[in-house]
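K.L.:
The structure under discussion is supplied below as structure tokens; questions concerning it will follow.
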Amino acid sequence: MSIEDVKQGEVQRMKSQVWRMEILTDGHRMEKALGLLTPDERQRAARYHHEEDRRRFVTGRALVRCLLSKKLGIEAQQVVLTQTAMGKPEVSAAYFFNVSHAGGQVIVGLSQTHPVGIDIEQVSAPNVDWKDVVGAVFSPEEIASCRRGEDALAACAIWTAKEALLKAWGCGLNANTKALTILPDGSSFSVRCQGAPMTDANLTLLDVPSGYLAVLALADVNTLTIEGRAAINPQIM
Ligand SMILES: CC(C)(COP(=O)(O)OP(=O)(O)OC[C@H]1O[C@@H](n2cnc3c(N)ncnc32)[C@H](O)[C@@H]1OP(=O)(O)O)[C@@H](O)C(=O)NCCC(=O)NCCS
């Protein structure tokens, strides 16, 4: 795998970039991708029980290293990646990034100015019943908006946007997801935290293959009120 393999996936959004590629299935390309990873990451890859999970992780991490290597002008293996207490991978210098995988797709968002969250989902993912997801994590307004999950496309869009924003804040699903209300609004979304509008949570619906939905979130956690942080996840800094 080299940067040439992924160039076509680039999209510019609000001074950020989004890269998408298909999860690697070819043995030779997988070997090349593994060659971009650190020894620790190769060990992690070897620990996955399911081959599909291993391929997702390797493709995503190789894509991240490939992009950051090009941006920072260093070898892919030399890019120093760390992880927050809540598990969000980070790079030490100059960039924010986030990665998501679903089905056969992996997507990466990069920004120099804003913490990034990105999520890709399959609208009809096997083993996902939107009615269950909606009941567990949606606010009452979100539940009404997707007719309790009967409208799978609307439910998937809200879920994808919610996860992207929570990933931008770094708390992932370790959050009180019902404190947030995210509703589709054209190619973007309106966001409210405990009823208060958040006008600067930049959520963009991305152009992805049919059957998938993806959302990029560029967020500034400092604009959340103390009450908002406490309601969603007190660990958000
Ligand atoms: C992080 C999380 C949102 C990922 O969701 P997902 O739909 O399984 O997976 P995605 O493909 O969209 O994203 C996975 C990537 O997110 C990144 N990630 C991990 N933790 C993260 C965090 N706290 N914030 C932002 N990004 C995170 C990683 O890069 C990961 O990929 P990698 O492990 O290959 O490097 C989710 O696993 C999570 O919050 N987990 C903790 C709580 C939980 O498991 N709750 C389940 C009950 S609802």
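The values are calculated or read from the model by the stated rules, or taken from the named source; none is laboratory data. Being a predicted model, the structure only gives us computed values, none of them experimental. Cβ coordinates were reconstructed from backbone atoms using ideal geometry, including for glycine residues, and neighbour counts include every protein chain displayed. Keep in mind that these areas ignore ligands, DNA and RNA; they rest on the heavy atoms of the full protein, side chains included. Shrake-Rupley method; radii C 1.70, N 1.55, O 1.52, S 1.80 Å.
K.L.:
Tally time: how many residues in the stretch 166-188 are in contact with a strand residue (DSSP E or B) (Cβ under 6 Å, 6 or more places away or on another chain), open to solvent by less than 20 Å² (accessible area, probe 1.4 Å) and near the ligand (Cβ under 10 Å from one of its atoms)?
P.N.:
Qualifying residue count, the stretch 166-188: 1.
K.L.:
Scan V116, V133, V123 and give me the residue that is open to solvent by less than 50 Å² (accessible area, probe 1.4 Å), over 15 Å from I182 (Cα atoms) and within 10 Å of the ligand (Cβ to nearest atom).
P.N.:
Working: V133 fails: over 15 Å from I182 (Cα atoms); V123 fails: within 10 Å of the ligand (Cβ to nearest atom).
Answer to the selection: V116.
K.L.:
Still on this structure, I have one more. Which one of these does I74 not meet: (1) among the β-branched types (V, I, T); (2) farther than 26 Å from A219 by Cβ; (3) within 10 Å of the ligand (Cβ to nearest atom)?
P.N.:
(3)
K.L.:
Kindly list the number of the only condition in (1) in contact (Cβ under 8 Å) with a residue 40 or more places away in the chain; (2) in a strand (DSSP E or B) that fails for E90.
P.N.:
Unmet for E90, out of (1) in contact (Cβ under 8 Å) with a residue 40 or more places away in the chain; (2) in a strand (DSSP E or B): (1).
K.L.:
Look at the stretch 209-237 and say how many of its residues are modelled with pLDDT of 85 or more, open to solvent by 10 Å² or more (accessible area, probe 1.4 Å) and either touching a helix residue (DSSP H, G or I) at 6+ places or on another chain (Cβ under 8 Å) or outside any loop (DSSP other than H, G, I, E, B) (or both).
P.N.:
Taking the stretch 209-237 and keeping what is modelled with pLDDT of 85 or more, we get 209-218.
From the residues that got through so far, the ones that are open to solvent by 10 Å² or more (accessible area, probe 1.4 Å) too are 209-213.
Cutting the leftovers down to either touching a helix residue (DSSP H, G or I) at 6+ places or on another chain (Cβ under 8 Å) or outside any loop (DSSP other than H, G, I, E, B) (or both) gives us 212-213.
Count: 2.
K.L.:
Select from the stretch 162-183 the residues that are farther than 14 Å from P115 by Cβ and modelled with pLDDT of 90 or more and list them in ascending order.
P.N.:
Scanning the stretch 162-183 gives K162, E163, T177, K178, A179, L180, T181, I182, L183.
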